[in-house]
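The values are calculated or read from the model by the stated rules, or taken from the named source; none is laboratory data. Not measured: the values here are computed from a predicted model. Reconstructed Cβ throughout: ideal geometry from the backbone, glycine too, with neighbour counts over all protein chains shown. Calculation scope for accessible area: heavy atoms of the full protein, side chains included, ligands and nucleic acids excluded. Shrake-Rupley method; radii C 1.70, N 1.55, O 1.52, S 1.80 Å.
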Amino acid sequence: MSALSLGIDTSNYTTSVALVDENENMIYNKGILLEVKSGERGLRQSDALFQHIHHLPMLLADLPRGQEIEVICYSKRPRPLLDSYMPVFRAGESLACSLAAVLAVKQLAVSHQENHIRAAIYGSGSKKLEATFAAVHFSGGTSEILLVKKKEIGYDCEIIAQTRDLNAGQLIDRIGVLMGCDFPAGKALEALANQVVPESIDRNDVISATMDGMDFHFSGQENQAQKLLRAGVDEGIVAYLVLKAIAKTLSKSIGGLQKKHPFQSVLFSGGVMSNQIIKKIVAQELQTSGLSLYFSPGEYARDNAAGNALMGMDYFKSMRCSR
């Protein structure tokens, strides 16, 4: 009977649980989106923590039975840095440590960012990535481009470009909420943008990229989008232009970084990178770069616990081999 690894992740947006076997079959992978009141643009950490505590028993109740869990892997912090901290991750940590003690199994603490990277590798089928590669992590809480080096378990991540103000997901959510969409607004904004024929957009209606070296600013793009809305530009067109601006900004940064750092592949993760319009534009912009681009399906790009379950299994296998 195959051993199982349980993954738990409690981020700013989603409570997630996943279960994977030794052959990397995803037995279970579910999440519950945190609720945000209509018109609000986010959650306080205390409110998010409370919702995680409420959601986790519901997710565990649906876990398949009949096979042995050998390891539990959870997100302890946002990034793989000792001083990285966010209260929401205490919910997953508390449950993971309690379950590991009761079941007398191994536990592994990783970062939310490593979870995203491992899930994106799995979802994109990019198992043969080089030992060093670039990874994009664009979400509501993070907008970074990383130089990633594989470890036996997990990853060393060096930030080589980042936002200097808003995160890409915050830009999407703020403009979406301004248009009357519920938070998080990613899917609603994409639906609005999909109603637009890009070639029909007036060339004077544009949202430009604002760069600071290889870093970037999204607050200026928020101001430009607000100005277009005040001028009466169609909401669908503004939605498309916001997504296009994010994609153009990201592509410019990657193109510049390629000249400075030793990577041949780029892995994309985070909820923003599940957006099909952004994916398409980035692929077009970088098609002559010579880079290998790895995108994941939405379920492995957005917040999930699949990466943790997979890293837990990596850990279990490494322990077994070392005996």
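The table that follows gives values for the structure above.
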item	result
Criterion (modelled with pLDDT of 95 or more and either farther than 27 Å from G255 by Cβ or open to solvent by less than 30 Å² (accessible area, probe 1.4 Å) (or both)) met by exactly one of I237, I175	I175
For E93: the one exception among (1) closer than 30 Å to I175 by Cβ; (2) open to solvent by 10 Å² or more (accessible area, probe 1.4 Å); (3) out of contact with any Gly (no Cβ under 8 Å at 6 or more places or on another chain)	(1)
Qualifying residues in region 308-323 (those that are farther than 16 Å from A18 by Cα and either within 21 Å of the chain's Cα centre (by Cα) or in a helix (DSSP H, G or I) (or both)) - the one modelled with the lowest pLDDT	S322
Test: residue in region 122-137 that is among the basic types (K, R), under 25 Å from S289 (Cβ atoms) and in contact with a helix residue (DSSP H, G or I) (Cβ under 7 Å, 6 or more places away or on another chain)	yes
Qualifying residue in region 114-131 (condition: open to solvent by 50 Å² or more (accessible area, probe 1.4 Å), outside any loop (DSSP other than H, G, I, E, B) and more than 29 Å from P184 (Cα to Cα))	no
Which listed residue, of I145, I153, is of a type in the set (A, V, I, L, M, F, W, C), touching an Asp or Glu at 6+ places or on another chain (Cβ under 7 Å) and not in a helix (DSSP H, G or I)	I153
Counted residues, region 96-113 - those being small (G, A, S), open to solvent by less than 10 Å² (accessible area, probe 1.4 Å) and within 30 Å of S265 (Cβ to Cβ)	1
Close pairs from region 76-90: first over 19 Å from Q51 (Cβ atoms) and at pLDDT below 95, partner of a type in the set (V, I, T) and not in a loop (DSSP other than H, G, I, E, B), Cβ under 9 Å, at least 6 apart	R79/I159; P80/V110
Selection within region 48-68 - more than 17 Å from S11 (Cβ to Cβ) and open to solvent by 40 Å² or more (accessible area, probe 1.4 Å)	P57, A61, D62, P64, R65, G66, Q67, E68
Members of region 160-211 found to be under 22 Å from the mean Cα position of the chain (by Cα) and of a type in the set (D, E), listed by number	D165, D173, D182, E190
Filter pass, I32 being within 23 Å of P78 (Cβ to Cβ), open to solvent by 20 Å² or more (accessible area, probe 1.4 Å), out of contact with any Phe, Trp or Tyr (no Cβ under 7 Å at 6 or more places or on another chain) and modelled with pLDDT of 95 or more	yes
Boolean, I27 is in a strand (DSSP E or B), in contact (Cβ under 8 Å) with a residue 24 or more places away in the chain, open to solvent by 10 Å² or more (accessible area, probe 1.4 Å) and farther than 30 Å from C181 by Cβ	yes
Search result, residues across region 259-271 that are open to solvent by less than 10 Å² (accessible area, probe 1.4 Å) and either over 21 Å from the mean Cα position of the chain (by Cα) or among the hydrophobic types (A, V, I, L, M, F, W, C) (or both)	F263, V266, L267, F268
Count of residues meeting criterion [farther than 23 Å from G180 by Cβ and hydrophobic (A, V, I, L, M, F, W, C)] in region 205-253	7
Odd one out for A231 among (1) surrounded by fewer than 20 Cβ atoms within 10 Å (Cβ to Cβ); (2) hydrophobic (A, V, I, L, M, F, W, C); (3) in contact with a strand residue (DSSP E or B) (Cβ under 7 Å, 6 or more places away or on another chain)	(3)
